[in-house]
Amino acid sequence: MKFSLEYLWKCILSGIIYIPVTLKLALIPLALAIVFGTLIALARIFKVPVVEKFFKIFVAIYSGIPGVVTMLIFHLIYLSLFKPAKNGIMLLAYFTFTLGRTIVVSESVRGAFLSIPKGQYEASYACGLSTFQTLKKIIIPQVIPVALPALTNNTLGSIKNTSIVLVLGIVDVLNGATIPCADTYSYVEGYVAAAIIYWVINAIVEFFLVHLEKHLSKKK
């Protein structure tokens, strides 16, 4: 099988068109996951009755299931309950990615919170600060730089993991890059093109996040 650079370029151009789809599937769930994951982490750290035990068990179980498996399960449930629609499939993808990222982010954020000495909480309470004030003024400013490296990895992982929407028939970078391959049935160039596009996107995102991490480290 001859590898064609001209055909590779054609596949790259085809895949680039769907970069916005991939970024939305990666970044919107990640943004929601940071919010929900932080709330779950706080619930577990402060041992909120019932909620803490529920998420402890849920995180342990859900984190052991591959993302593509959960997506297929939710897809089958969706098909059995609703009439298939394009918007519905996209919402299903957002839901699955958000849930998966929330689990991962909650553990990263929880680890960052646990790295802060308990004495800082006690000192804040002794100064008359409430729990909310302590978190806002003392703890969270220290947690962000600690959690950022893990969140950087989560962001890069989120972008790469969007390729599993292949099982739902959603056209993203991977599917888009292989569209020209239907003409020749030679998919090597299409997959290599997708790999190049994913690498470039992740390299750019990592560059900015690493610089943000260095900037926050200097402010400590």
Problem set entry | Residues within the range 1-35 that are over 16 Å from residue 183 (Cβ atoms), over 14 Å from the mean Cα position of the chain (by Cα) and part of a helix (DSSP H, G or I), tallied | 5
Exercise. Going through the range 25-43 one residue at a time, which ones are open to solvent by 30 Å² or more (accessible area, probe 1.4 Å) and under 25 Å from residue 122 (Cβ atoms)?
Worked result: 38, 39, 42
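Conditions (1) buried (at least 17 other Cβ atoms within 10 Å of the Cβ); (2) among the β-branched types (Val, Ile, Thr); (3) in contact (Cβ under 8 Å) with a residue 12 or more places away in the chain, marked per residue:
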position	(1), (2), (3)
158	yes, no, yes
164	yes, yes, yes
169	no, no, yes
176	yes, no, yes
185	no, no, no
For this session: Sort out which residues of the range 147-156 are under 13 Å from the mean Cα position of the chain (by Cα) and open to solvent by 30 Å² or more (accessible area, probe 1.4 Å), and write them in order of number.
Result: 150, 151, 153
Exercise. Which residues, taken from the range 60-81, are hydrophobic (A, V, I, L, M, F, W, C), free of Cβ contacts under 8 Å to residues at least 40 places away in the same chain and in contact with a helix residue (DSSP H, G or I) (Cβ under 6 Å, 6 or more places away or on another chain)?
Worked result: 74
For this session: Answer yes if at least one residue in the range 93-114 is modelled with pLDDT under 90 and farther than 22 Å from residue 146 by Cβ, and no otherwise.
Result: no
Seminar exercise, completed: Sole miss for residue 110 among (1) free of Cβ contacts under 8 Å to residues at least 60 places away in the same chain; (2) over 23 Å from residue 202 (Cβ atoms) is condition (1)
Exercise. Going by the structure shown, is residue 57 open to solvent by 50 Å² or more (accessible area, probe 1.4 Å), out of contact with any Cys (no Cβ under 9 Å at 6 or more places or on another chain), without any contact (Cβ under 8 Å) to a residue 40 or more places away in the chain and under 27 Å from residue 194 (Cα atoms)?
Worked result: no
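The values are calculated or read from the model by the stated rules, or taken from the named source; none is laboratory data. All figures in this text were calculated on a predicted structure; none of them were measured in a lab. Every residue, glycine as well, gets a Cβ built from its backbone with ideal geometry; the counts of neighbours run over all protein chains shown. Please note that ligands, DNA and RNA were not included when accessible areas were found on the heavy atoms of the full protein model with its side chains. Shrake-Rupley method; radii C 1.70, N 1.55, O 1.52, S 1.80 Å.
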